[in-house]
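The values are calculated or read from the model by the stated rules, or taken from the named source; none is laboratory data. Here the structure is a predicted model, which is why all the values come from computation and not from measurement. Cβ placement follows ideal geometry from the backbone for every residue including glycine, while neighbour counts extend to all protein chains displayed. Just the protein is used for accessible areas: all its heavy atoms, side chains included, with ligands, DNA and RNA removed. Shrake-Rupley method; radii C 1.70, N 1.55, O 1.52, S 1.80 Å.
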Amino acid sequence: MNALHLDTVRLSGDGQALVILDQTLLPNEVKYLHLTRLEDFWEAIYSLRVRGAPAIGVAAAYGAYLAATQFPGEDPEALCAFFHEKKEYLNSARPTAVNLSWALERMEKVLLEHKDRLSVPQLRERLKEEAHAIREEDIAISRAIGQYGFELLHPGDGVLTHCNAGTLATAKYGTALAPVYIALEHGMNDLRVYCDETRPLLQGARLTAFEMQTAGVDTTLLCDNAASLAMRRELIDIIFVGCDRVAANGDFANKVGTSAVAILARHYGIPFYVCAPSSTIDPNTPDGRSIVIEERPAAEVTELWYAKPMAPKGVKVFNPAFDVTDKDLVTGFITEKGIARAPFHRSFRELGLL
Ligand code: MRU
């Protein structure tokens, strides 16, 4: 089994359900969920059954389409109002990954552009096409990022990554792991991938290590706080991470712990690249201070993965899901349109990303 061949998120064959691979069960169980209710789409995103910024966007697009199929009337204006309400609800599931609101806005735009000349069934058909397009584009974008990232790799390189920005976080290939998949296609079989376990939800241990190991890559799992020693021992040649929202100046949010990796990389002189589909670059966010950081339940830190609670009952917990990395720590953003280097405000514009 190779995780690359698992579908992360898709529409069911009969077009009636959102099908997701339940990532909370990995690596122990490969189980697909067929979801039809809006509340279940919301819960799947909130609970990280489907997660990773691009995959969340694709799930939301299909979720919005399915919501529109549940509209009972024939009036396009009423469909738009119904859709808007469902869209706002889905958008409330997670605040940091811009792909969620990006995909939902894109779906709503289709409705608003065509509502005056298409019937309700025709509008639904257009929404379905748009959701499929978002998924297909995500696959192409991830491959293009992989191609640019691959050009930075040398045989035998040690690659460190944080969280999971692989095939499970997208429709296919991933962003930060896409260069590794492309390297395998080119016969570069001797990369060494180091996966930060990524406390507290262990996306690195449960998902990245699973992906890389099932793809036949030399995979090493390390606790987040072992990254410094791995760098000091010169095991790491390059770092690839994903992102959930990139501000116009190049500050970016990604899974909590990413900024610590970037600071270490600067100390040890290791190139630190952020793999970013254009949908993650947010022109409406000027800098990192404006990024809303999701905070999650304390139990994720104290007890979720343990047989017994691992902290004294009632202790205060700070559990941000993401952090913000300063643009000055970034060697480059690998996008589907090329690699943006500092000053990012200018290079984003030159690549047509802003
Ligand atoms: O909380 P998660 O698991 O959704 O966080 C995922 C990440 O932080 C990823 O690095 C990011 O979404 C990019 S995925 C290509």
Amide H neighbours of Ile238 at under 5 Å, excluding residues fewer than 5 places away on the same chain, with H built from the backbone geometry, are Gly158, Leu160
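Report, in debye and to the nearest 20, how large the dipole of the stretch 51-207 comes out about its Cα centre when Lys and Arg carry +1 and Asp and Glu carry -1 on their Cβ. Walk me through the numbers on the way to the answer.
Details: 17 positive and 21 negative charges, 70 e Å.
The dipole magnitude comes to about 340 debye.
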Rounded to the nearest 0.05, FRET efficiency between Asp328 and His132 (Cβ-Cβ, R0 51 Å) equals 0.80
Where nothing but the Cβ of Lys and Arg (+1) and of Asp and Glu (-1) is charged, how large is the charge dipole of the chain around its Cα centre, in debye to the nearest 20? 500
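Assign one of three labels to the stretch 3-142, namely rounded, prolate or oblate, based on the Cα gyration tensor with a ≥ b ≥ c the square roots of its eigenvalues; rounded applies when a/c is under 1.5, prolate when it is not and a/b is larger than b/c, and oblate otherwise. Walk me through the numbers before you get to the answer.
Working: a/c = 1.80, a/b = 1.77, b/c = 1.02.
Because a/c hits 1.5 or more and a/b exceeds b/c, the stretch 3-142 counts as prolate.
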Alpha-carbon radius of gyration plus Dmax, which is the widest Cα pair, for the chain in Å: 20.0, 66
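Please compute the length gained on full extension between Asn189 and Phe318, using 0.36 nm multiplied by the number of residues separating them and subtracting their Cα-Cα distance. Mind showing how you got there, number by number?
Numbers: separation 129, 0.36 × 129 = 46.44 nm, distance 4.03 nm.
The Asn189-Phe318 span can extend by a further 42.4 nm.
If you take the beta carbon distance between Asp287 and Glu74 as r and set R0 to 41 Å, what does 1/(1 + (r/R0)^6) give as a FRET efficiency, to the nearest 0.05? Can you show the working numbers first?
Numbers: r = 46 Å, r/R0 = 1.13.
That gives a FRET efficiency of 0.30.
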Longest the chain segment clear of chymotrypsin sites (Phe, Trp or Tyr not before Pro) sitting in DSSP loops (not H, G, I, E or B) with at most 14 other Cβ atoms within 10 Å runs 1-304
The answer for trypsin sites (Lys or Arg not before Pro) in the stretch 1-66 that fall in a DSSP coil and have at most 14 neighbouring Cβ atoms within 10 Å is Lys31, Arg37
Take a quick pass over the chain and tell me how many lysine pairs come in under 25 angstrom between Cα atoms, counting only ones 8 or more apart or on separate chains. 22
For the stretch 286-292, in residue order, the Karplus 3J(HN,Hα) values (coefficients 6.51, -1.76, 1.60; θ = phi - 60°; whole Hz; Gly and Pro = x) are x, 7, x, 5, 8, 7, 6
For the stretch 154-350, with all protein chains present and a 1.4 Å probe, just round the carbon and sulfur fraction of the accessible area to a whole percent. 53
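Taking a probe of 1.4 Å, how large is the accessible area per residue of the chain, in Å²?
For the chain, the per-residue accessible area is 42 Å².
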Nitroxide proxy distance, nm - points 7 Å out along Cα→Cβ at Gln16 and Asn2: 3.4
Looking only at Val315, Val19, Val301, which one moves most when the chain is put into a Gaussian network model with springs between Cα atoms under 10 Å? Val315
At Ala342 and Asp116, where each label point lies 7 Å from the Cα along Cα→Cβ, what is the point-to-point distance in nanometres? 4.8
For the chain, with the dipole built from +1 on Lys and Arg beta-carbon atoms and -1 on Asp and Glu ones, taken about the Cα centre, which of Phe318, Pro277, Ala81 lies farthest toward the positive end? Phe318
Which GluC sites (Glu not before Pro) in the stretch 203-312 sit in a loop by DSSP (not H, G, I, E or B) and have at most 13 other Cβ atoms within 10 Å of their own Cβ? Glu234
Explain nothing, just compute: Karplus ³J(HN,Hα) = 6.51 cos²θ - 1.76 cosθ + 1.60, θ = phi - 60°, for every residue of the stretch 155-172 in order, whole Hz, x for Gly and Pro. x, x, 4, x, 10, 9, 9, 10, 6, 10, 10, x, 4, 5, 8, 9, 6, 5
For Cα pairs less than 8 Å apart in space and 6+ apart in sequence, what is the mean separation divided by the residue count of the stretch 1-87, i.e. the relative contact order in percent? 24
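On the accessible surface of the stretch 3-142, probed at 1.4 Å, how many percent belong to carbon and sulfur atoms? Mind dumping the intermediate values first?
Working: 2910 of 5750 Å².
Carbon and sulfur together cover 51 percent of it.
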List, in order, the whole-Hz ³J(HN,Hα) value for each residue of the stretch 42-49 obtained from phi through the Karplus relation with A = 6.51, B = -1.76, C = 1.60 and θ = phi - 60°; use x for Gly and Pro. 4, 5, 5, 6, 4, 8, 6, 5
